[in-house]
Amino acid sequence: MTYWLLKGILSPVFFVLWRVKVEGRENIPKHGAVVLAANHQSFCDSFFIPLVVRRKVTFLAKAEYFDSKKTAWFFRAAGQIPIHRGGGSASERALETARTEVLGRGHVLGLYPEGTRTTDAFVHKGRTGVTRLSRECGVPIVPVGVVGTVEVQPVNSNFMHPFKKVIIRFGPPMQMDPPENPDDPLEGHDHTECRTFTDRLMHEIAKLSERDYVDEYVPARAKATA
């Protein structure tokens, strides 16, 4: 209920202040579980993507957002899931929550496969967790290209500049082949196949976002700090 209340309040404000264009929204299934995988260039990406999707989108959000009073209220109210970028058991618990509480219930999950925001002009190599979710849960991934949000809110800026153009593009769904044994998804797991599929996905995201792809993870020097 809080999610739709927030969306009802914010949507008209956003459409007045920014020129938001949506392309390919018909590629999002109207029913059933699906993952939206997008490039990530600005904090406000997590505002604009749900704004244009007619279904509720639950994001795996950086855990630090839940530690800041400036952002914790929004992410809790919107029902987002904290994920620790350092990996390990905390990240695995977040992925398990995504499997059971979001995808397992036929809902929409939003992910940023690059793992963090970038400060350069590229789409970087993606983490294979998004592919694992598609494979283990048997759900499609819709690649999403976000254009213009870095001009709206540059990295480390707390201010969103009005009257900028934002484009959200949704590509055709992609899907990883399901595991041979659904009761044991890791049986026969081939990391090479997951890596290849993830690379294909990131190339699609790069094309949709009008950015060049680089075959390397987001370097530490380019990671956002706020």
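The values are calculated or read from the model by the stated rules, or taken from the named source; none is laboratory data. The structure presented is a predicted model; accordingly, all values stated were derived computationally and were not measured. So basically every Cβ, Gly included, is an ideal-geometry build from the backbone, and we count neighbours across all protein chains shown. The accessibility values were calculated without ligands, DNA or RNA, using every heavy atom of the protein model including side chains. Shrake-Rupley method; radii C 1.70, N 1.55, O 1.52, S 1.80 Å.
I want the local charge near Glu204. Using Cβ-Cβ distances under 15 Å, sum +1 for each Lys or Arg and -1 for each Asp or Glu among the other residues.
Working: positive: Lys125, Arg169, Arg200, Lys207, Arg211; negative: Glu23, Glu114, Asp199, Glu210, Asp212, Asp215.
That sum, taken over residues with Cβ under 15 Å, equals -1.
Would you mind checking the tilt of helix 191-208 against the longest principal axis of the Cα atoms of the chain, expressed as 0 to 90 degrees and rounded to 10?
Helix 191-208 sits at roughly 20 degrees to that axis.
Provide the per residue accessible area, probe 1.4 Å, for the chain, rounded to a whole number of square angstrom. Can you show the working numbers first?
Details: 11100 Å² over 226 residues.
Accessible surface, normalised per residue, equals 49 Å².
Determine the percent antiparallel among the DSSP beta bridges restricted to the chain, to the nearest 5. It would help to have the intermediate numbers written out before the result.
Values: 6 of 28 bridges.
DSSP beta bridges in the chain are roughly 20 percent antiparallel.
Report the Stokes-Einstein translational diffusion coefficient (µm² s⁻¹, integer) for segment 100-213, Rh taken as the Kirkwood radius over Cα pairs, at 25 °C with viscosity 0.890 mPa s.
Numbers: Rh = 15.5 Å.
Here the translational diffusion coefficient equals 158 µm²/s.
How much length is gained on full extension from Glu101 to Ser68, taking 0.36 nm per residue of separation minus their Cα-Cα distance?
On the way: separation 33, 0.36 × 33 = 11.88 nm, distance 2.44 nm.
The Glu101-Ser68 span can extend by a further 9.4 nm.
Please report the carbon-and-sulfur percent of the accessible area for segment 153-202; probe 1.4 Å, protein heavy atoms only, DNA, RNA and ligands left out. Please report the intermediate quantities before stating the final value.
On the way: 1570 of 3050 Å².
Here it works out to 51 percent.
Given the -39500 (n - 2.57) contribution per DSSP H run of 4+ residues, what per-residue ellipticity at 222 nm results for the chain, rounded to the nearest 500 deg cm²/dmol?
Value at 222 nm, helices only: -9500 deg cm²/dmol.
What percentage of all Cα-Cα pairs in the chain are separated by more than 25 Å? Show your work: numbers first, answer last.
Values: 8996 of 25425 pairs.
So the portion of pairs separated by more than 25 Å is 35 percent.
Can you tally the net charge around Ser68? Count Lys and Arg as +1, Asp and Glu as -1, for every other residue whose Cβ sits under 12 Å from the Cβ of Ser68. Walk me through the numbers before you get to the answer.
On the way: positive: Lys62, Lys69, Lys70, Arg76; negative: Glu64, Asp67.
So the environment of Ser68 carries a net charge of +2.
Quick one: of Lys125/Lys164; Lys7/Lys70; Lys62/Lys125; Lys30/Lys164; Lys69/Lys165, which pairs are farther than 24 Å apart, Cα to Cα? Walk me through the numbers before you get to the answer.
Working: Lys125/Lys164 28 Å; Lys7/Lys70 18 Å; Lys62/Lys125 18 Å; Lys30/Lys164 29 Å; Lys69/Lys165 29 Å.
Correct reply: Lys125/Lys164; Lys30/Lys164; Lys69/Lys165.
Only loop residues by DSSP count here, and only those with at most 16 other Cβ atoms within 10 Å; note down the trypsin sites (Lys or Arg not before Pro) in segment 1-99 that meet that. Present the calculation step by step, with values, prior to reporting the outcome.
On the way: sites: Lys7, Arg19, Lys21, Arg25, Lys30, Arg54, Arg55, Lys56, Lys62, Lys69, Lys70, Arg76, Arg85, Arg93, Arg99; in loops: Lys30, Arg54, Arg55, Lys56, Arg85.
Passing both the DSSP loop test and the Cβ count: Lys30, Arg54, Arg55, Lys56, Arg85.
Note the full-extension length gain between Lys207 and Phe15 as 0.36 nm times their separation in residues minus their Cα-Cα distance, in nm to one decimal.
Length gained, Lys207 through Phe15: 66.6 nm.
Would you calculate the separation in nanometres between label points at His161 and Asp184, each defined as 7 Å from the Cα along the Cα-to-beta-carbon direction?
That separation, rounded to one decimal, is 5.6 nm.
Could you work out how far helix 2-17 tilts from the main Cα principal axis of the chain, as a 0 to 90 degree angle to the nearest 10?
That helix lies at roughly 50 degrees to the long axis.
Under 10 Å, Cα contacts only: if you run a Gaussian network model on the chain, which one of Val16, Val166, Val34 comes out with the highest mean-square fluctuation?
Looking only at Val16, Val166, Val34, the largest GNM fluctuation is found for Val16.
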